[in-house]
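The values are calculated or read from the model by the stated rules, or taken from the named source; none is laboratory data. All values derive from a computational prediction rather than experimental measurement. All Cβ positions, glycine included, derive from the backbone under ideal geometry; neighbour counts span all protein chains shown. Just the protein is used for accessible areas: all its heavy atoms, side chains included, with ligands, DNA and RNA removed. Shrake-Rupley method; radii C 1.70, N 1.55, O 1.52, S 1.80 Å.
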Amino acid sequence: MRVATWNVNSVRTRVGRVVDWLVREDVDVLGMQEIKCKPEQFPVDAFEAAGYHVEAHGLNQWNGVAFASRLPMDDVTRDFPGQPGFLKGHEGPDLPVEARAMGVTVDDVRLWSLYVPNGREVGDPHYAYKLDWLAQLADRTTEWLQADPDLKLALMGDWNVAPLDQDVWDLRVFEGATHVSEPERTAFRTFEDRGLQDVVRPIVPDGYTYWDYKQLRFPRNEGMRIDFVMGSQGFADVVTGASIHRDERKGDAPSDHVPVVVDLDLDTALDDDRPMIF
């Protein structure tokens, strides 16, 4: 099984690129972030024509997450239990929950597509929201793995955290900024303490996943590594390969993020339809 995550930065704008890439790279399941549309606005027809089912979670023209899968998706969950909400200028409980998390189960693998809040600036209310969001997700992760220690679980998506110094092109540029602050990095490491691991970095130790559109960041390779697949031990045990598809930042109207791909040693219903090699 080949799974991937990609912040597509508006699926309606880039539907052609996304579907072409899915087919060309033989991806079975794609978790998307920043789809920027409601489910009824999602360009489902193009995905279905290529053989993919779609599950989408979007509330407006911002945020939004989705899955496209050639295999059946079960236990579709929009938002994780206890997911914090946010409304600028307001505090307290019962704030609107944004469309930032979606879980599906595919062939006994539990996958979450996550769009972690940006944080904006250190000290901003959105920064506190980001840390709370990650803390609540970490608690749910603990509960999920306590309930099923062998669970093949992957939290994948745009984490908006660069956990290591090498994950930004120049740490001096980010002094005092979000994405590299110690509270954010500590929040990221918490997931490792709770039983998850970055399943891509051991295979692809270097490389960025995001380049801003401004100031020729991509031609200068001034990027960040902020898109991750964090897997449980059960998930990591079946990983056979991983890749960061840098070339998808090239060409006409690319997303500012690129896909991150993980290959799993799992038999699926699709294997019966693929040609045998002797």
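Please sort by residue number the trypsin sites (Lys or Arg not before Pro) in the stretch 208-248 whose DSSP state is loop and whose Cβ has at most 13 other Cβ atoms within 10 Å.
For trypsin sites (Lys or Arg not before Pro) across the stretch 208-248 that sit outside H, G, I, E and B with at most 13 neighbouring Cβ atoms in 10 Å, the list reads Arg220.
Be a star and scan the stretch 139-167 for residues whose amide nitrogen sits under 13 Å from the point 7 Å along the Cα-to-Cβ vector of Asp206.
The answer is 166-167, whose backbone nitrogens lie closer than 13 Å to the label point.
Heavy atoms only, 1.4 Å probe, whole protein assembly: order Asp256, Asp108 by accessible area, highest first.
Descending accessible area places them as Asp108, Asp256.
Taking DSSP loops as anything outside H, G, I, E and B, show the longest stretch in the chain free of GluC sites (Glu not before Pro) there with at most 10 other beta carbons within 10 Å.
No qualifying site falls inside 176-278, the longest such stretch.
For the chain, give the share of DSSP beta bridges that are antiparallel, in percent and rounded to the nearest 5; count only bridges with both residues there.
DSSP beta bridges in the chain are roughly 75 percent antiparallel.
Among the aspartates and glutamates, which have Cα under 14 Å from the Cα of Lys214 when same-chain residues fewer than 8 positions away are ignored?
Glu222, Asp256
Just subtract the alpha-carbon distance of Arg246 and Asp139 from 0.36 nm times their residue separation and send over the number in nm, one decimal.
Using 0.36 nm per residue and subtracting the Cα-Cα distance, I get 35.3 nm.
Assuming R0 = 30 Å, can you tell me the calculated FRET efficiency for the pair Lys214 and Val76, based on Cβ-Cβ distance, to the nearest 0.05?
FRET efficiency, Lys214 to Val76: 0.25.
Is the stretch 1-152 rounded, prolate or oblate when judged by the Cα gyration tensor, a ≥ b ≥ c being the square roots of its eigenvalues, rounded requiring a/c under 1.5 and prolate requiring a/b larger than b/c?
Oblate, since a/c reaches 1.5 and b/c is not below a/b.
As a test of the formula, what do you get for the chain when each DSSP H run with n ≥ 4 contributes -39,500 (n - 2.57) and the sum is divided by the residue count, at 222 nm and rounded to the nearest 500 deg cm²/dmol?
-6500 deg cm²/dmol
Quick check on the stretch 1-158: of the DSSP beta bridges with both residues there, what percent are antiparallel, nearest 5%?
That works out to approximately 60 percent antiparallel.
Once you sort the root eigenvalues of the Cα gyration tensor of the stretch 109-210 as a ≥ b ≥ c, which label holds: rounded (a/c under 1.5), prolate (a/b larger than b/c) or oblate (the other case)?
In terms of gyration-tensor shape, oblate.
Fully extended, how many nm does the chain gain between Thr186 and Val97 (0.36 nm per residue separation, minus their Cα-Cα distance)?
Gain in length upon complete extension: 29.7 nm.
Relative to the present Cα-Cα distance, how much length would full extension add between Arg172 and Gln83 at 0.36 nm per residue of separation?
Extra length from Arg172 to Gln83 when fully extended: 28.7 nm.
Rounded if a/c is under 1.5, else prolate if a/b beats b/c, else oblate: with a ≥ b ≥ c from the C-alpha gyration tensor eigenvalues square-rooted, which is the stretch 126-270?
Note, shape of the stretch 126-270 comes out oblate.
At 7 Å along the Cα-to-beta-carbon direction for both Lys38 and Trp62, put a label point, then send me their distance in nm to one decimal.
According to this spin-label approximation, the distance is 1.7 nm.
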